[in-house]
Every structure is written in C-alpha cells, then in structure tokens.
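**Q** My questions all concern the structure below.
The values are calculated or read from the model by the stated rules, or taken from the named source; none is laboratory data. The model shown is predicted, which means the values in this text are computed figures rather than measured ones. Reconstructed Cβ throughout: ideal geometry from the backbone, glycine too, with neighbour counts over all protein chains shown.
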Amino acid sequence: MRFLATLAVLVVLPAPACALADRNHPVDAGTFAARIVRLIAENDYADAWVFLHPLHRRAAPLERYVQCENLTPIRARLGSVRAIRFRRALVRVAGTPEPLNGTKVTLRIVIDGAPIVETVGLVPAAHGWVWLLPAARYAAYLAGGCPQ
C-alpha cells in the first residue's frame, strides 16, 4: 500500500507555529507527527517539505521532491491519526554519521478503515521539529533521481 510505504518516509512532522515554541516537548512532537501524516496523506508534499530536515531539503529540492512524490500519490483515505506514546530517543538521520537526540512518537493511524500503529522519529531544528527521509529515499534524491 503506497500510504504505508510513504509513512515509512516520515520521521518528523510539522506543527502550527504556536506549538513550536517549546519544540522539545514530547506532546508537541505528537501533534507535529500527526500533522505531517495528514499532509502526506493529502498529497500536500510542498507544505510537508517545508518541515523536512535541512540536509534532506538540500538533497531533495522542493520542485523535484513534489514532482517525484506526485508520481505515486496517496490514494488511501486517512480516517484519523493520533499520538499514543512518545519518548526521548536517538534518531538516525540519513546523511549524518551519528544518530541525533530526538523523540520517538507512536501513532495510531486509521487508513481506509484499518488501524495501524507506527513509530516515527523526530529531531529538533532551529524552527521546531523536522521530519526525515528514510536512508534509501534520501540516497535516491541525493543521486538526482526519484525514489521508487
């Protein structure tokens, strides 16, 4: 299912600016993660890209990222998404040698009526939380192509 594969892309998601004031607070991390899932489920790649890790934005410039992601849009219907657990943890970031301090958020997501539980990693940045591309997608963008 394309949505589940794309969900694996997610490591961090955006929150409204007011919720970013305390960017290291786990509750805000849960809100942030849930919002990114919604953006991706709505195929709103441009808005999601804004909150992508800066290293990953350089590998996947906005225009190419949106173009590539639109090659395989999400067709599943997102019913709901909510954070059910969070904890501080080291998070692997493709393109960096060492994991970074961050937060792992466990989400309960209902897709086309089927519930799934998925854990994503978030890392803080200057403006708040950022999300990450998985290593294989990062490598594909870094090489100038589109992930398959």
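**Q** Could you grab me the full set of residues in region 33-50 that are in a loop (DSSP other than H, G, I, E, B) and among the aliphatic types (A, V, I, L, M)?
**A** Step one: list which residues in region 33-50 are in a loop (DSSP other than H, G, I, E, B), which gives 42-44, 50.
The answer is 50, and nothing else.
**Q** Go over the candidates 46, 34, 19 one by one and state the one that is farther than 19 Å from residue 145 by Cβ and at pLDDT below 95. Full working, then the answer.
**A** Numbers: 46 fails: at pLDDT below 95; 34 fails: at pLDDT below 95.
Among 46, 34, 19, only 19 is farther than 19 Å from residue 145 by Cβ and at pLDDT below 95.
**Q** Of all residues in region 51-97, which are of a type in the set (D, E, K, R), part of a loop (DSSP other than H, G, I, E, B) and more than 17 Å from the chain's Cα centre (by Cα)?
**A** We begin by selecting, within region 51-97, every residue of a type in the set (D, E, K, R); these are 57-58, 63-64, 69, 75, 77, 82, 85, 87-88, 92.
Now narrow it down to the ones that are part of a loop (DSSP other than H, G, I, E, B): 75, 77, 92.
Within region 51-97, 75, 77 qualify.
**Q** Are any residues in region 65-85 surrounded by 15 or more Cβ atoms within 10 Å (Cβ to Cβ) and either touching a Pro at 6+ places or on another chain (Cβ under 6 Å) or closer than 21 Å to residue 135 by Cα (or both), and if so, which ones?
**A** Keep residues of region 65-85 that are surrounded by 15 or more Cβ atoms within 10 Å (Cβ to Cβ), which gives 65-66, 68-69, 74, 76, 78, 81, 83.
Selection gives 65, 66, 68, 69, 74.
**Q** State all residues of region 86-135 that are within 23 Å of residue 60 (Cα to Cα), surrounded by fewer than 20 Cβ atoms within 10 Å (Cβ to Cβ) and either among the charged types (D, E, K, R) or in contact with a His (Cβ under 8 Å, 6 or more places away or on another chain) (or both); if no residue qualifies, say none.
**A** 92, 94, 95, 98, 125
**Q** Then there is this: Suppose the filter is within 17 Å of the chain's Cα centre (by Cα) and farther than 18 Å from residue 43 by Cα; does residue 143 pass it? Don't jump to the end; show me each part of the working.
**A** Details: within 17 Å of the chain's Cα centre (by Cα): no; farther than 18 Å from residue 43 by Cα: yes.
The answer is no for residue 143.
**Q** Answer yes if at least one residue in region 61-74 is touching a residue at least 60 places away in the same chain (Cβ under 8 Å) and of a type in the set (S, T, N, Q), and no otherwise.
**A** Yes: region 61-74 contains one or more residues that are touching a residue at least 60 places away in the same chain (Cβ under 8 Å) and of a type in the set (S, T, N, Q).
**Q** So, one more: Kindly establish whether residue 58 is touching a Pro at 6+ places or on another chain (Cβ under 8 Å) and either more than 15 Å from residue 33 (Cα to Cα) or among the hydrophobic types (A, V, I, L, M, F, W, C) (or both). Before you say what the answer is, go through the steps one by one.
**A** On the way: touching a Pro at 6+ places or on another chain (Cβ under 8 Å): no; either more than 15 Å from residue 33 (Cα to Cα) or among the hydrophobic types (A, V, I, L, M, F, W, C) (or both): yes.
No; evaluated as a whole, the condition is false for this residue.
**Q** With respect to residue 91, is the statement that it is closer than 24 Å to residue 143 by Cα, modelled with pLDDT of 95 or more and β-branched (Val, Ile, Thr) true? Working first, answer last.
**A** Values: closer than 24 Å to residue 143 by Cα: yes; modelled with pLDDT of 95 or more: yes; β-branched (Val, Ile, Thr): yes.
Yes.
**Q** Return the residues of region 55-72 that are touching a helix residue (DSSP H, G or I) at 6+ places or on another chain (Cβ under 8 Å) and modelled with pLDDT of 95 or more; say none if nothing qualifies. Don't jump to the end; show me each part of the working.
**A** The initial filter retains those residues of region 55-72 that are touching a helix residue (DSSP H, G or I) at 6+ places or on another chain (Cβ under 8 Å), namely 56-57, 59-60, 62, 64-66, 68-70, 72.
Within region 55-72, 56, 57, 59, 60, 62, 64, 65, 66, 68, 69, 70 qualify.
**Q** Here's another thing I want to ask about it. Which condition number in (1) more than 19 Å from residue 40 (Cα to Cα); (2) free of Cβ contacts under 8 Å to residues at least 12 places away in the same chain; (3) part of a strand (DSSP E or B) is the one that residue 115 fails?
**A** Checking residue 115 against (1) more than 19 Å from residue 40 (Cα to Cα); (2) free of Cβ contacts under 8 Å to residues at least 12 places away in the same chain; (3) part of a strand (DSSP E or B), the one that fails is (1).
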